[in-house]
1. Checking residue 276 against (1) outside any helix (DSSP H, G or I); (2) in contact with a strand residue (DSSP E or B) (Cβ under 6 Å, 6 or more places away or on another chain), only one condition comes out false. Which one?
2. Has the range 186-204 got any residue that is over 23 Å from residue 294 (Cα atoms) and at pLDDT 90 or above?
3. Checking residue 295 against (1) crowded, with 18+ Cβ neighbours inside 10 Å; (2) at pLDDT below 95, which single condition isn't satisfied?
4. Hey, among the residues in the range 234-259 that are over 25 Å from the mean Cα position of the chain (by Cα) and more than 19 Å from residue 300 (Cβ to Cβ), which one's surrounded by the fewest Cβ atoms within 10 Å (Cβ to Cβ)?
């Protein structure tokens, strides 16, 4: 007889075609037997195992997935809103400098030392001892890499041992419309210009408990979108403390400091950074002419008063408008 598949001649009693490897299964038909070819198949699965799925089953998202997706959507939305806001656009590119200047790039030892100084279980003597023993790695700012060698040997300073500046230099820029004096061993970046604002960044020596100081002169168009100094302070603090926790407003004895012969509006708050450090944020704003000006800086909360008196207040006292 012939194989039903390939029509090769095979024995009437065979159950296998040597040519096409088809198995020959007898099929009863009346009194005679006929044969049909079926493909050979083999499975490693035990008998009775359900067939392997051919489509990917629908996965129901868990609560964790939903929360993660919601957080990503919220973060994306916040960033999108900040970029649409002219104040947000102006500050997003430089706000990281506040933190880099506070700790220094890679200054892990300095961060640990300052974190120990904030521990409630240690007295001031132990804090100072911890700070004196710690050393930081070479520090650099995002826009002042040329200063990394000068900062490389800097070590954290104990809260009661902040060195007072012995000399001052002058920074003056017509676009920012500000002139000020700063410690001579600090550095000033060239102003960062955008259609929204011109920002002057003042970098302190690393690990003194103070981050960069940002002096912003907002453009006519951006200033027209700002309702009042309090609103600008609020927007600025929200941008800086976006990823912080335990944010608390600080009651001020004088919320309208006099700077450059004009009363400014000040807003302060404290918060906890992702590394566990508590910092003090300060935003000071004024409308001079038709444009708004803002000063923002942050300090380690434990040494805020001394840093403010030693470094920041003399700078603010020297500031004046060029026009």
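The values are calculated or read from the model by the stated rules, or taken from the named source; none is laboratory data. Small disclaimer: the values here were computed from a predicted structure and weren't measured. Reconstructed Cβ throughout: ideal geometry from the backbone, glycine too, with neighbour counts over all protein chains shown.
1. (2)
2. First, pick out the residues of the range 186-204 that are over 23 Å from residue 294 (Cα atoms): none.
No, that holds for no residue.
3. (2)
4. To start, the set of residues in the range 234-259 that are over 25 Å from the mean Cα position of the chain (by Cα) comprises 251-259.
Still in the running and more than 19 Å from residue 300 (Cβ to Cβ): 251, 253-259.
Working: 251: 7, 253: 4, 254: 8, 255: 16, 256: 14, 257: 15, 258: 11, 259: 21.
Only one residue fits best here, namely 253.
To keep it simple, each residue is scored yes or no on (1) under 27 Å from the mean Cα position of the chain (by Cα); (2) under 19 Å from residue 240 (Cβ atoms); (3) without any contact (Cβ under 8 Å) to a residue 24 or more places away in the chain.
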| position | (1), (2), (3) |
| --- | --- |
| 261 | no, no, no |
| 264 | no, yes, no |
| 275 | yes, yes, no |
| 284 | yes, yes, no |
| 287 | no, no, no |
| 290 | no, no, no |
| 297 | yes, yes, no |
| 306 | no, no, no |
